[in-house]
1. Between ASP71 and ILE152, what length comes free when the chain is fully extended (0.36 nm per residue of separation minus the Cα-Cα distance, one decimal in nm)?
2. Run the accessible area of the chain with a 1.4 Å probe and give the carbon-and-sulfur part as a rounded percent.
3. GLU224 accessible area, nearest 10 Å², 1.4 Å probe?
4. Which of the GluC sites (Glu not before Pro) found in the range 45-87 are in a DSSP loop and have at most 14 neighbouring Cβ atoms, other than their own, within 10 Å?
5. Give me the Kirkwood hydrodynamic radius of the range 110-207 in Å, from all C-alpha pairs, to one decimal place?
6. Rg and Dmax of the range 151-234, Cα atoms, in Å?
7. Averaged per residue, what accessible surface does the chain expose to a 1.4 Å probe, in Å²?
8. Under 21 Å from the Cα of LYS81, which lysines turn up, not counting those fewer than eight places away in the same chain?
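The values are calculated or read from the model by the stated rules, or taken from the named source; none is laboratory data. Note that this is a predicted model, so its numbers are computed, not measured. Positions of Cβ are generated from backbone atoms using ideal geometry, with glycine treated the same way; all protein chains shown enter the neighbour counts. To get the accessible areas, we keep the full protein, side chains included, count just its heavy atoms, and leave off ligands, DNA and RNA. Shrake-Rupley method; radii C 1.70, N 1.55, O 1.52, S 1.80 Å.
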Amino acid sequence: MKRLMTATLTSLCLAPVAQAEVTRVGFATEPYPPFATLDASGELQGWEVDITRAVCDAAELECEIVTTSWDGLIPALTGDKLDVIAASLSITDQRRETIAFSDKYYQTPAALAGAKGDDLKTTSGGLAGKTLGVQSASIHQAYAQVHFPESILREYQTQDDANQDLFAGRLDATLADRLIIEQFLDSKEGQLCCEMQATVTQDQETLGEGIGFGVRQADDALRERLNEGIAEIRANGTYDEITARYFDFDIYGEPDT
């Protein structure tokens, strides 16, 4: 699972369309490895950046990255500062009240991490009175508010901040995307302190239907071009080739029905 735009613009792709209108694609400034992180030169790198570049190319869109903070992405889109959000934004009914979505381009489960030796249960009673860290404005925050009402929720601007507080003992647990949890547990700090407690039960109402590109509700033509781009890279092997650079499993998730 970000404010008014003062961030650096970085060229993402140059589609072969003469005098094409630039499509501004929003990513979060906060690092979200391996999906999107800034390298030493200030360029965004990662799986989601590569996938977005490929979709833009397949859809014949001239795309340009615009970075802004996570909780300002949707306001920037609706305020015409962005044309597309490509920042691991989950497709939820609540967000559909404000924006529209492309088809999904990946889906991973949510998971709970806690201190080694703890036996935390992903039930309301199992986390009653526990301090649970979540990223602000994320689907995991929404899930925790619904399913863990007896927990003490602590919000963080980034998941890395939550992980560091878990390592420091200021949290009992943190709820996030399983891939992000696993990366933290593989780190030096994570190996010292913590372990996976459980994968939470899928709840489409809060966790959504996967990750899609966000667009304005009136931008049907752009949404359809993005859908065509997703379908093309899925069919021609580009999606799998990019994914193999970062993961040893199919990140797309269950097939759409």
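1. Details: separation 81, 0.36 × 81 = 29.16 nm, distance 2.14 nm.
Contour length minus the Cα-Cα distance gives 27.0 nm.
2. Details: 5490 of 11800 Å².
Answer for the chain: carbon and sulfur cover 47 percent of the accessible area.
3. 80 Å²
4. Values: sites: GLU48, GLU60, GLU62, GLU64; in loops: GLU60.
Within the range 45-87, the qualifying GluC sites (Glu not before Pro) (loop, at most 14 other Cβ atoms within 10 Å) are GLU60.
5. Details: mean 1/r = 0.0778 Å⁻¹.
The answer is 12.9 Å.
6. Considering the range 151-234 through its Cα atoms, Rg and Dmax are 17.5, 50 Å.
7. On the way: 11800 Å² over 257 residues.
I get 46 Å² per residue for this part.
8. Counting by Cα, and skipping residues close in sequence, LYS81 has these lysines nearby: LYS2.
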